[in-house]
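What follows is one structure encoded as structure tokens, with my remarks underneath.
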Amino acid sequence: MTDRPPSPPAPTTGLMTVDSSLESSIVATTSQLAESIEDSLGYRLNVPVFENLLLELDRHGYVDWVTVTRTGDYVWDLSESPNRIGEAIATAVVDRLESWLASDADGHE
């Protein structure tokens with residue numbers, strides 16, 4: 001497994017190139033996301049660690065990597081992320097509850 005996602009489908013010319021289909025999407029660079037979290041929470045993130053987290057989220061389909069800027073910053077499409085992450089959490093909670101209820105039922109029979 002590589003540390004970087006595959007090359008973007010469209011070549012970039014040094015400036016951030018975003019597909020016209022993403023114009024209504026929510027896109028942000030790693031730095032912009034880190035700054036937003038830092039502003040909201042008052043906690044300074046370790047940006048390389050945060051970027052690794054975003055790469056893992058991309059590998060599992062929770063965020064979408066779009067391109068890389070001229071300065072090497074990843075650009076992320078977060079449009080579907082809340083729904084994807086919410087569904088994953090809901091599934092995990094339901095699985096945990098079903099497991100708990102099944103083990104509780106087994107113990108009382």
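The values are calculated or read from the model by the stated rules, or taken from the named source; none is laboratory data. These numbers were taken from a predicted model, which means no experiment stands behind them. Reconstructed Cβ throughout: ideal geometry from the backbone, glycine too, with neighbour counts over all protein chains shown. Remember, those area values only see protein heavy atoms, side chains included, never the ligands or the DNA or RNA. Shrake-Rupley method; radii C 1.70, N 1.55, O 1.52, S 1.80 Å.
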Going through the stretch 41-64 one residue at a time, which ones are of a type in the set (Ser, Thr, Tyr) and under 23 Å from Glu87 (Cβ atoms)? Tyr62
Hey, Gly86 open to solvent by less than 50 Å² (accessible area, probe 1.4 Å) and in contact with a Lys or Arg (Cβ under 7 Å, 6 or more places away or on another chain) or not: no
Residue by residue through the stretch 64-83, note down the ones that are part of a helix (DSSP H, G or I) and exposed (fewer than 14 other Cβ atoms within 10 Å of the Cβ). Pro82, Asn83
Pull up the stretch 25-55, narrow it to residues that are in contact (Cβ under 8 Å) with a residue 12 or more places away in the chain and outside any helix (DSSP H, G or I), then point me to the one that is surrounded by the fewest Cβ atoms within 10 Å (Cβ to Cβ). Ile26
Residues located in the stretch 95-109, provided they are modelled with pLDDT of 90 or more and acidic (Asp, Glu): Asp95, Glu98
